[in-house]
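First up is the structure itself, then whatever we jot down about it.
Here, each number is a calculation from the coordinates, and none is a lab measurement. Computed from a prediction, not measured in an experiment: that's the story for all the values here. Cβ sites come from the backbone with ideal geometry, for glycine too, and all protein chains shown count toward neighbours.
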Amino acid sequence: MSGSEVAARQCVVGAMEGRVDEIADRWVQLQARWAAPSTGIRESELREEADALVAAVATGLESPLPVEQIVASHVDLNRTVTELSLRRARSGESPTATSLAVLALKEALLEAVQESTQDSGKLFSAALLINQLMDAAGALSFDTYVEGREEIIHRQSRQLLELSTPVVRLWGKVLGVPLIGTLDTARTQVVMDNPLQAIQDQESTVAIIDITGVPTVDTAVAQHLMQTVQAVRLMGADCVISGIRPPIAQTIAQLGIDLSTIMTRATLADALSEAVELTAGSLPPSDAPVAR
Amino acid sequence: MARRANTTPADATTPATVGASLTPGDAVSEPTTVVALTTEEDLLAVRHVVRAATLAAGFGLVDQTRVVTAASELARNAYIHGGGGTLTIEHPHRDGTKGVRLTISDEGPGIADPESALVDGYTTGAGLGHGLGGARRLMDDFEVHSQSGAGTTVIATRWAHR
């Protein structure tokens, strides 16, 4: 560490000494001024955050780490910045608000240094140091913010995968598989597996795949559907595809996909009455005896 | 509707082309949209962007579904066979009729013989083989430019029918 850097760090640490509360207050004020009032983060939380971050900056500067590594390697400072950014990412703050929140501390620190010294040379090197430190913190905060958002996106897509492929029992031995959304590789496997497993578990004889909620049926989707139908038949059950809306019917016909070997119906209601007929001989005996 | 004009035999020097050349007089109004096709999620994005473009051109529900399906086929071809590419959406108009033009380009191995690739049932992978020919039936104007080893470009236009 060069002598001038040591001097600059001492200058900043000296300016912060005993004024941690004041700087934290000023930071909270600045954030409120720069960014729109935050929706998800309460004033008291902001205050706690400010105390922790200002204290971490002070201990970071006192540590023997070179300035360009403080943010990356100083445990307290790194954790404080990361937590601050993640909290904002999760509460839906904008990326601008998040990086401004960290960069606002730069202004608060500069003001503190300015009040503590009149020497312009010292002031300049202290300002350089603060800039270096807070820019690194800003970059870290932005990285963390993006990671936090990506984590949310991944979690949501996993949830979608689970939610979107229910198999429901509609009638005696009739299963319903309402498909919603697009069928791409990851979901297709689940869509294939679920009804087959349910046919085995519930000894069903008809499976109705309803595609009312599928916006686009192209050749890839049609192929998945045909394979599912084939697999259902191999298990000894019948398969009906319902919910073929007029535009989808026209598109399938023009694409040249031949679904004539598959039982298709316009609505789920049609498919259900067809399925009930198909299973008529195998309806479970009714509990109450039928009076004649 | 199937047009088989301007067919050049596929050899190593001439790019093979299927379909009529575009009338140069078509005016294209801004803005054009470009979507990269590098991941499977991009195929989802394609369907959304193309659906929005057909809505903007005032297409009915059936035509919207047609164009979105064709875009889905062509984008999937570029993603699976071409190793990724781009989709460009333009809004041309001809004689007061609005249209949506899709240009899908990839830099993959190309199609050696586009004419036979348009025939139903033709496939080099595990697909049904209806994608390219089906997409041509769903659109009004359809051109395939391809050269072995130099990628494929498909230009497809659908006009608003009243």
remark   = Total charge of the residues flanking residue A:94 in space, meaning their Cβ is under 15 Å from its Cβ, with Lys and Arg +1 and Asp and Glu -1, is +3
note = Taking Lys and Arg as +1 and Asp and Glu as -1, residues besides residue A:70 with C-beta under 11 Å from its C-beta add up to -2
inquiry  = 7 Å from Cα along Cα→Cβ at both residue B:36 and residue B:140: what's the point-to-point distance in nm?
reply    = 3.3
Mean projected area (nm²) of the alpha-carbon convex hull when the protein assembly as shown is viewed from all directions = 34.9
ask   = So for A:33, B:47, fewest C-beta neighbours within 10 Å to most, what's the order?
value = A:33, B:47
Options B:142, B:84, B:100, ranked by Cα towards positive dipole end of segment B:56-162, top entry (Cβ charges) = B:100
key: Rotationally averaged projected area of segment A:105-147 (alpha carbon convex hull; nm²)   = 2.8
task = For residue A:19 and residue A:160, calculate 0.36 nm times their separation in residues minus their Cα-Cα distance, and state this gained length in nm to one decimal.
result = 45.8 nm
ask   = How far is it, in nm, from the label point at residue A:91 to the one at residue A:118 when both lie 7 Å from their Cα along the line to the Cβ?
value = 4.2
request  = Could you work out the local net charge near residue A:198, counting Lys and Arg as +1, Asp and Glu as -1, over the other residues with Cβ closer than 12 Å to its Cβ?
outcome  = -1
remark   = By Cβ neighbour count within 10 Å, fewest first, A:124, B:142, B:59, A:142 rank A:124, A:142, B:59, B:142
message = Cut-off is 10 Å between beta-carbons; in what order do A:23, B:111, A:248 appear when sorted fewest neighbours first?
response = A:248, A:23, B:111
message = Once R0 is set to 45 Å, what does the formula 1/(1 + (r/R0)^6) return for the Cβ-Cβ distance between residue A:273 and residue A:132, expressed as a FRET efficiency to the nearest 0.05?
response = 0.05
note = Given unit charges at Cβ for Lys, Arg (+) and Asp, Glu (-), the dipole magnitude of the protein assembly as shown about its Cα centre in debye, nearest 20, is 1420
key: Inter-label distance for residue B:95 and residue B:116, nm, one decimal - labels placed 7 Å from Cα along Cα-to-Cβ   = 3.8
message = Which residues among segment A:84-107 fall inside the zone where the amide N is under 20 Å from a point 7 Å beyond the Cα of residue A:42, along Cα→Cβ?
response = A:84-93
MRE, 222 nm, helices only [DSSP H, n ≥ 4, -39500 (n - 2.57), over the protein assembly as shown, to nearest 500] = -17500 deg cm²/dmol
message = How high is the relative contact order of segment A:168-282? Use alpha-carbon pairs under 8 Å, at least six apart in sequence, and give a whole percent.
response = 30
remark   = Computed over segment B:27-159, the convex hull of the Cα set has an average projected area, in nm², of 7.5
query = Antiparallel DSSP bridges in segment A:168-282: what percent, to the nearest 5?
reply = 20
